[in-house]
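One structure below.
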Amino acid sequence: MKRFFGGVLTVLAIVVAGVLLSGCLSVSRAAEFFPALQSSTRLKATSAIRADWSVLTPYVAEKTAYRYFSPYGGKAGLAPNDHYGALLPYIGAEVTLSGYVTDAIPLYGLVTADGQMVTAPIYTEVLTTYAPFLLLYRAGGDGTHTRVTIAARDGNWVRDAGDWREFIPFDNYLAISHADGSVQILDADGHVRADFSRDNFTPFLGDDYQWGDPMIGYIEGCALSYECGYLTAAFYDEDSPWGNYWRYECFLDPERGTVTGSAPANWRPDDGWDYENPPEIPGYCYPEEIQDLTNGTIYYAAYPDCAEMDGDWTLDLLDEEGTLLVEDCLISTALQWRPFVADGMLGTVRDGAFTYADISTGEVMFRYPLRTNSD
């Protein structure tokens, strides 16, 4: 059941961040709302006071730093291309809400590692944790079902997930369960490795089964899982003989394209929890591991001075040994509760824009001002 906890933790983090978000307008941010003072400005002669405006440094807004990949996908979304290189997520829009658990949610787009925008910010989520696949979530036209695009991490192939229910990654494959009861398995090249119809499962799951995790709303759902080297289908059962609340009904063999009701010899399911505690880093609390999206290098984002934490929660970026790399790299908000790291760059929302900057030098490689509902 480990596949559920990542999503649950993400939702909890967003809710907590939304509660904490208050009074975040800094002095430097406020300066953006006032015109720059010109050195030639003078008070009227009726005033006895004289001021030397030349000692003040006029406010200069940070420049944007992006260009468009050709051809640019825009709001149409990602199209396959062999020349993108690594595709990175960026936060490009802030959608404000009312009557929801948070006041605003981010919209994501895709950008190349050298700062070329591939798509507009149209995705509600960009999942990079299902390597070697990229999952792009987008609100459906009817507002009820989220559309998902599956792609290679470098975008050389792209395909629609259809009427999906679950995604299960395993051994460089991706299993997709669908509303019609079928299961499709893709390989890393986007090819269908195995295609199971509903007829393959009814002898084991019954005529009225539906795919969907009962823990997230499908009360009678049958959930796919990858357990100890086998793709399985199981119903929720508090009296499970395995002691983990799941009753395993059948086993899928992607190589042969077959389904069987017999468990392999000496097979036992996972215990449902393989979370590793983060290391203890002196002077920090709640460190969270972050992998570079392009090369897998390990970093940590952690909160300093935990005994005095109040108001805004500011993160520092540390290397795998706990050495400070970037101080105050991000204030956790509903828009972004942890930074991105990709190709040695730090990706954060700051001062009304999303920026990718080199971790070592601070050089800005990409900077895109956040759009809002009214833009």
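Brief remarks on what is shown
- Whole-angstrom gap from region 111-125 to region 276-354, using each part's C-alpha centre: 22
- When each of the peptides 296-303, 238-245 is scored by how many other beta carbons lie within 10 Å of its residues on average, the order from highest to lowest is 296-303, 238-245.
- The share of Cα pairs per 5 Å bin across region 104-175, counted from zero up to the longest distance, runs 3, 14, 24, 28, 17, 10, 3, 0 percent.
- Taken along the Cα-to-beta-carbon direction at a fixed 7 Å, the label points for S262 and T96 span 6.4 nm.
- Å³ per residue enclosed by the Cα convex hull of region 66-191: 118
- Pair-distance profile P(r), taking every C-alpha pair of region 115-154, with 5 angstrom steps and integer %: 6, 22, 26, 25, 14, 6, 1
- Tail fraction, Cα-Cα pairs, region 243-299, threshold 17 Å, whole percent: 66
- With the Kirkwood sum run over all distinct C-alpha pairs, region 235-375 has a hydrodynamic radius of 18.8 Å.
- The phi-based Karplus calculation (6.51 cos²θ - 1.76 cosθ + 1.60; θ = phi - 60°) puts the 3J(HN,Hα) values of region 228-245 at 6, x, 9, 7, 10, 10, 9, 9, 6, 8, 5, 9, 4, x, 8, x, 10, 6 Hz, whole numbers, x for Gly and Pro.
- Annotation: amide H-H contacts under 5 Å for R67 (H modelled 1.01 Å from N, sequence separation of 5 or more, or interchain): M117.
- Of the trypsin sites (Lys or Arg not before Pro) found in region 178-263, those that fall in a DSSP loop while having at most 13 other beta-carbon atoms within 10 Å are R256.
- Three-way shape call for region 85-134 based on the alpha-carbon gyration tensor, with the a/c threshold at 1.5: oblate
- Site pair T64 and E276 shows an inter-label distance of 4.2 nm when each label is modelled 7 Å from Cα along Cα→Cβ.
- The spread of Cα positions in region 174-258, taken along each principal axis and listed from longest to shortest, comes to 39, 27, 24 Å.
- Of the peptides 171-178, 279-286, the order by per-residue mean of other Cβ atoms within 10 Å, starting with the highest, comes out as 171-178, 279-286.
- Share of Cα-Cα pairs in region 116-267 lying beyond 20 Å, as whole percent: 51
- Taking amide hydrogens as placed 1.01 Å from N in the peptide plane, the amide H of M365 sits under 5 Å from those of Y356, A357, D358, each at least 5 positions away in sequence or on another chain.
- Compactness of region 314-375 - radius of gyration and Dmax, Cα, Å: 12.2, 44
- Amide proton proximity set for N81, modelled H, under 5 Å, gap of 5+: N156, W157
All of the numbers you see were taken from the coordinates with simple rules; none came from a lab. Given the structure is predicted, the values throughout are model-derived calculations rather than measurements. Virtual Cβ from ideal backbone geometry, glycine too; neighbours counted across all protein chains shown.
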